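Notes follow the structure.
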Amino acid sequence: MKIAVSSYTATSALGHGVDSILESIRTCQSGLRHNDLDGCDLDTWIGRVNGVESVAIPAHLADLQSRNNQLTFLGLQQDGFLAKLDRLIARVGSDRIGIVMATSTSNIGRTEEGYSKLDESGLMPEAYQQPEVHHLHGPGTFVSRLTGLTGPSLTISTACSSSAKVFATASRWIKQGVVDAVVVGAVDTLCLSVLYGFNSLELLSANPCRPFDQRRDGISLAEAAGFALLTRGDLAPDADVTLLGYGESSDAYHMSHPHPEGKGAMLAMTQALRRAQLAPTDIDYINLHGTASKANDLIENLALDQLFSTRTQASSTKGWTGHTLGTAGILEAVITMEAMKHDLLPGTLNCDQPDPEFSFPILRENTTRPARFAMTNSFGFGGNNATLVFGRAHD
């Protein structure tokens with residue numbers, strides 16, 4: 001059974017909606033800025049979404065107020081996504097559409113605010129006493145209530161691989177007949193817990209991140225929201241892209257360090273290729289995890305060199321967006337689908353001095369070239385890996 005990607009959208013530091021992504025890639029304009037998050041004095045660069053604080057959540061969802069849900073609502077309003085979903089609901093019914101959301105930290109920023117305002121008895125103010133907000137399924141709850149969908153709803157939280165895994169789960173649901181379509185999505189927002197937490201791991205860079213550059217010295221944290229509508233192929237015959245395969249693996253090697261030989265990354269990529277019934281030489285482009293940390297880029301490059309030939313172009317787009325944590329998988333999937341649609345393969349911003357230790361060449365400059373088959377990699381803490389393979393629907 002074909003799994004069609006009938007619609008998608010993303011909101012990030014590059015702007016609201018997919019047009020902002022395409023324009024930023026074409027003009028090589030990064031969305032990163034020097035850290036200006038309130039109350040945070042860290043010398044680092046972040047990818048912050050403009051306008052989140054001014055978003056008004058619908059009145060009937062006031063009990064779900066949080067910055068994370070404000071970004072969710074902002075993201076869902078882009079590219080006509082909700083209107084397309086409404087048309088599908090009219091065709092198949094709200095109970096035949098599932099929701100699989102992803103997040104790394106959910107509404108922890110709201111919880112953080114609440115703890116900063118504890119009263120004399122140690123309780124949060126009433127406005128922060130929100131049982132449907134202070135847990136990891138918060139994004140799934142918000143999307144379910146906003147859209148009125150009554151199919152199964154799930155939120156996945158596996159660090160940076162979270163929103164690649166939503167595609168895999170949705171594919172299984174559809175192929176098993178559990179539902180006819182799935183809204184997949186992810187949202188993560190910046191807050192003090194996130195920034196200071198990663199700083200404690202000595203992973204933040206004081207510069208805009210430099211994926212695969214020999215001077216790379218850490219990541220640039222960011223926020224984003226992304227959504228896609230996956231359906232049975234017959235429900236979206238005009239879809240430009242299909243999900244052909246996915247691979248999921250776990251190194252179980254270290255809490256934050258990938259396996260030094262890239263075994264988990266290799267397993268995820270080979271699984272995805274097998275499900276897609278493709279050979280490595282069939283893949284035209286790979287959007288890499290490429291966070292600009294010393295270990296991650298080295299190990300991902302090692303895995304690429306073991307599996308692919310130089311025919312395959314590969315780049316990291318985190319120099320544009322920053323590392324959006326649990327949203328990275330779907331944001332980079334959207335970027336990849338836009339690249340396939342417009343024959344524009346993004347290069348790797350800030351990779352000015354490629355690491356001479358790397359054997360596999362990294363695409364540094366934007367390239368105009370068709371990509372019939374493309375892959376995305378998302379690798380998270382604990383060695384939790386996910387790879388997706390997409391294909392042009394009508395080639």
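The values are calculated or read from the model by the stated rules, or taken from the named source; none is laboratory data. Just so it is clear, the structure is predicted and the values come from calculations on it, not from any experiment. Reconstructed Cβ throughout: ideal geometry from the backbone, glycine too, with neighbour counts over all protein chains shown. Side chains are part of the model used for accessible areas, which takes the heavy atoms of the whole protein and leaves out ligands, DNA and RNA. Shrake-Rupley method; radii C 1.70, N 1.55, O 1.52, S 1.80 Å.
Collect the residues in the stretch 148-164 that are at positive phi and either at pLDDT below 95 or in a helix (DSSP H, G or I) (or both), keeping them in residue-number order. Correct list: 159 only. When only residues in the stretch 380-395 that are of a type in the set (A, V, I, L, M) and touching a Ser or Thr at 6+ places or on another chain (Cβ under 6 Å) count, which is surrounded by the fewest Cβ atoms within 10 Å (Cβ to Cβ)? My answer is 393. So which residues in the stretch 119-166 are farther than 19 Å from residue 325 by Cα, open to solvent by 70 Å² or more (accessible area, probe 1.4 Å) and either of a type in the set (A, V, I, L, M, F, W, C) or within 21 Å of the chain's Cα centre (by Cα) (or both), if there are any at all? Passing the criteria: only 123. On the stretch given as the stretch 49-65, residues that are at negative phi and part of a loop (DSSP other than H, G, I, E, B) total 7. How many residues does the stretch 246-288 hold that are out of contact with any Phe, Trp or Tyr (no Cβ under 7 Å at 6 or more places or on another chain), part of a helix (DSSP H, G or I) and open to solvent by 30 Å² or more (accessible area, probe 1.4 Å)? Summing the residues that are out of contact with any Phe, Trp or Tyr (no Cβ under 7 Å at 6 or more places or on another chain), part of a helix (DSSP H, G or I) and open to solvent by 30 Å² or more (accessible area, probe 1.4 Å) in the stretch 246-288 gives 7. For the stretch 50-73, the set of residues classified as out of contact with any Ser or Thr (no Cβ under 6 Å at 6 or more places or on another chain), touching a residue at least 40 places away in the same chain (Cβ under 8 Å) and either polar (S, T, N, Q) or under 22 Å from residue 320 (Cβ atoms) (or both) consists of 52, 65, 66, 69, 72, listed by residue number.
Tallying residues that are in a strand (DSSP E or B) and either free of Cβ contacts under 8 Å to residues at least 60 places away in the same chain or open to solvent by 10 Å² or more (accessible area, probe 1.4 Å) (or both) within the stretch 207-242 yields 2. Considering the stretch 167-188, and only residues there that are farther than 17 Å from residue 140 by Cα and part of a loop (DSSP other than H, G, I, E, B), the residue that is least open to solvent (accessible area, probe 1.4 Å) turns out to be 180. Just checking, which of 113, 132 is in a helix (DSSP H, G or I) and charged (D, E, K, R)? Matching residue, one of 113, 132: 113. Residues being of a type in the set (A, V, I, L, M) and more than 19 Å from the chain's Cα centre (by Cα) are represented in the stretch 286-296 by at least one member. Examine the stretch 299-316 for a residue that is surrounded by fewer than 24 Cβ atoms within 10 Å (Cβ to Cβ), part of a helix (DSSP H, G or I) and of a type in the set (D, E, K, R), and state whether such a residue exists. Scanning the stretch 299-316 turns up at least one residue that is surrounded by fewer than 24 Cβ atoms within 10 Å (Cβ to Cβ), part of a helix (DSSP H, G or I) and of a type in the set (D, E, K, R). Determine if the stretch 191-200 includes at least one residue that is more than 30 Å from residue 34 (Cα to Cα), open to solvent by less than 30 Å² (accessible area, probe 1.4 Å) and at pLDDT 95 or above. Checked the stretch 191-200: no residue is more than 30 Å from residue 34 (Cα to Cα), open to solvent by less than 30 Å² (accessible area, probe 1.4 Å) and at pLDDT 95 or above.
Might you check whether a residue that is farther than 23 Å from residue 263 by Cβ, acidic (Asp, Glu) and either under 20 Å from the mean Cα position of the chain (by Cα) or not in a helix (DSSP H, G or I) (or both) occurs anywhere in the stretch 348-357? Yes, the stretch 348-357 contains at least one residue that is farther than 23 Å from residue 263 by Cβ, acidic (Asp, Glu) and either under 20 Å from the mean Cα position of the chain (by Cα) or not in a helix (DSSP H, G or I) (or both). Considering only the stretch 5-26, I want to know if a residue exists there that is among the hydrophobic types (A, V, I, L, M, F, W, C), under 26 Å from residue 341 (Cα atoms) and open to solvent by 40 Å² or more (accessible area, probe 1.4 Å). Within the stretch 5-26, not a single residue is among the hydrophobic types (A, V, I, L, M, F, W, C), under 26 Å from residue 341 (Cα atoms) and open to solvent by 40 Å² or more (accessible area, probe 1.4 Å).
Scan the stretch 71-106 for residues that are in a loop (DSSP other than H, G, I, E, B), open to solvent by 10 Å² or more (accessible area, probe 1.4 Å) and at positive phi and the total you get is 1. Only one entry in 83, 102, 90 is modelled with pLDDT of 95 or more, of a type in the set (Gly, Ala, Ser) and under 17 Å from the mean Cα position of the chain (by Cα), namely 102. For the stretch 328-379, the set of residues classified as acidic (Asp, Glu) and buried (at least 24 other Cβ atoms within 10 Å of the Cβ) consists of 332 only. Give the residue, chosen from 32, 71, 61, 14, that is in contact with a Leu (Cβ under 8 Å, 6 or more places away or on another chain) and not polar (S, T, N, Q). Of 32, 71, 61, 14, the one residue that is in contact with a Leu (Cβ under 8 Å, 6 or more places away or on another chain) and not polar (S, T, N, Q) is 61.
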